[in-house]
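Here it is, the structure in full.
The values are calculated or read from the model by the stated rules, or taken from the named source; none is laboratory data. Being a predicted model, the structure only gives us computed values, none of them experimental. Heads up, the Cβs are rebuilt from the backbone with ideal geometry, glycines too, and the neighbour counts pull from every protein chain shown.
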Number of protein chains: 2
Amino acid sequence: MVMGDVIRSETKRRGLEPDAKNTGEVMKLLRKEHGDAAVADLCLKEIEKTGAMKVVVDGIRSMAEVDEFRKKAEVLLVAVHASPARRFGLLKERGRKDDPLTYDMFVQRDRRELGVGIAEAIALADETISNQHATPDRLAAEMASVVGHWKNVPN
Amino acid sequence: MVMGDVIRSETKRRGLEPDAKNTGEVMKLLRKEHGDAAVADLCLKEIEKTGAMKVVVDGIRSMAEVDEFRKKAEVLLVAVHASPARRFGLLKERGRKDDPLTYDMFVQRDRRELGVGIAEAIALADETISNQHATPDRLAAEMASVVGHWKNVPN
């Protein structure tokens, strides 16, 4: 479940082009209209439809969202971390439609996400994995190790 | 340079017992009196006295402090991360005089430090190292690797 997909769908549903500016505004609007866990609530509805018992959720932006998921399931919160410079480089490589085009736009997006509480979700994560120098294979191996720890050593 | 030592000295200088509550209050007072980078300024004065060219600084609590150090030197910001439960366990093991005694006091300390901006400093770090399952030897090796990357591959 990619939380950003839910925001992109909602942006289109409102008749807007899902670019960086509009998805950012819809993210803020959803919170204003339905509270800090609005995006998590939309995701939970989607997840419930699938009936899945194990779900990977990508795109947590605040502890309010984590708390919402924790009402419904056992959650391992994993922060995949890289420096701002590295994250900007990775976004340029990916080149998705709603990715920020310039470093200034990227810094603005970071500010918006810090504003909704992403830093607290990183600081209070159960696990962190560094994506500063990792290859995709290495990341996958570290994620598997972290999930293994969790399943064998519950809190 | 342990930034907490500067706060503990300052707490004693003000005639107070350097316990968890008083050091927390002096941390906030210093910022109120001398701005968000107050503790960094006190550290910089101490560092300048030593004439050292390479310094490890422990205890960053906000990007305001990082920015202050960056005015004077090239800085690699490394976040050593562990979950709240693991950090509380490590503090109990260490048992320093000003460490929080109960989980409630620990959560209060976390809130105080989140309040001055520690989460942003973690989120925007140049590097993170997980201390969730690491031994001290492993941590030292990862820190050496991170510093090696920095010296060979400057941003």
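What pairs come up if the first residue lies in the range B:16-39 and is more than 17 Å from B:Arg61 (Cα to Cα), the second is part of a helix (DSSP H, G or I) and of a type in the set (Lys, Arg), and their beta carbons are under 7 Å apart, counting only those six or more places apart or on different chains?
From residues that are more than 17 Å from B:Arg61 (Cα to Cα), the pairs are B:Pro18/B:Arg8; B:Pro18/B:Lys12.
Related question: Let me spell it out: the conditions are (1) touching a residue at least 60 places away in the same chain (Cβ under 8 Å); (2) more than 7 Å from chain B (Cβ to nearest Cβ), and A:Arg94 meets all of them except one. Which number is the exception?
(1)
Another question about this same structure. Within the range B:145-155, does at least one residue satisfy the condition of being at pLDDT 90 or above and surrounded by fewer than 13 Cβ atoms within 10 Å (Cβ to Cβ)?
Checking the range B:145-155: at least one residue is at pLDDT 90 or above and surrounded by fewer than 13 Cβ atoms within 10 Å (Cβ to Cβ).
Residues to consider are B:Val80, B:Val57; find the one that is over 23 Å from A:Ala125 (Cα atoms) and either modelled with pLDDT of 95 or more or within 10 Å of another protein chain (Cβ to nearest Cβ) (or both). If you could, list the steps in order and put the result at the bottom.
Working: B:Val80 fails: over 23 Å from A:Ala125 (Cα atoms).
Only one candidate passes the filter, namely B:Val57.
So, one more: Against the condition more than 11 Å from every other protein chain (Cβ to nearest Cβ) and either touching a Lys or Arg at 6+ places or on another chain (Cβ under 9 Å) or farther than 26 Å from A:Ala40 by Cβ (or both), how does A:Asp110 come out, does it pass?
Values: more than 11 Å from every other protein chain (Cβ to nearest Cβ): no; either touching a Lys or Arg at 6+ places or on another chain (Cβ under 9 Å) or farther than 26 Å from A:Ala40 by Cβ (or both): yes.
When the stated conditions are applied, A:Asp110 does not pass them.
Tell me which residues, restricted to the range B:130-155, are within 22 Å of A:Ala85 (Cβ to Cβ) and within 7 Å of another protein chain (Cβ to nearest Cβ). Walk me through it before giving the result.
So the first thing to find is which residues in the range B:130-155 are within 22 Å of A:Ala85 (Cβ to Cβ), and the list is B:130, B:142-155.
Those that are within 22 Å of A:Ala85 (Cβ to Cβ) and within 7 Å of another protein chain (Cβ to nearest Cβ): B:Ser130, B:His149, B:Asn155.
A further question follows. I'm checking my understanding of the structure. Among residues of the range A:105-144 that are in a loop (DSSP other than H, G, I, E, B) and in contact (Cβ under 8 Å) with a residue 24 or more places away in the chain, which one is farthest from the chain's Cα centre (by Cα)?
Restricting to residues being in a loop (DSSP other than H, G, I, E, B) and in contact (Cβ under 8 Å) with a residue 24 or more places away in the chain, the top hit is A:Gln132.
Report yes if B:Ala52 is small (Gly, Ala, Ser) and under 22 Å from B:Ala125 (Cβ atoms), otherwise no.
Details: small (Gly, Ala, Ser): yes; under 22 Å from B:Ala125 (Cβ atoms): no.
Against the criterion (small (Gly, Ala, Ser) and under 22 Å from B:Ala125 (Cβ atoms)), B:Ala52 does not qualify.
Another question about this same structure. Having 2 or more residues that are under 28 Å from A:Ser83 (Cβ atoms) and of a type in the set (Lys, Arg) is the bar; report the helices (runs of 4 or more DSSP H) wholly within the range B:1-92 that clear it. Break it down into steps so the answer makes sense when it comes.
Numbers: elements: B:3-13, B:20-34, B:38-50, B:63-72.
Result: B:63-72.
Residues that are in contact with a Ser or Thr (Cβ under 9 Å, 6 or more places away or on another chain) and within 17 Å of B:Ala123 (Cα to Cα): does the range A:66-77 have at least one?
Yes: one or more hits.
Testing A:Phe69 on (1) facing chain B (nearest Cβ under 8 Å); (2) surrounded by 18 or more Cβ atoms within 10 Å (Cβ to Cβ), one condition comes back false. Which one is that?
All conditions pass for A:Phe69, except number (1).
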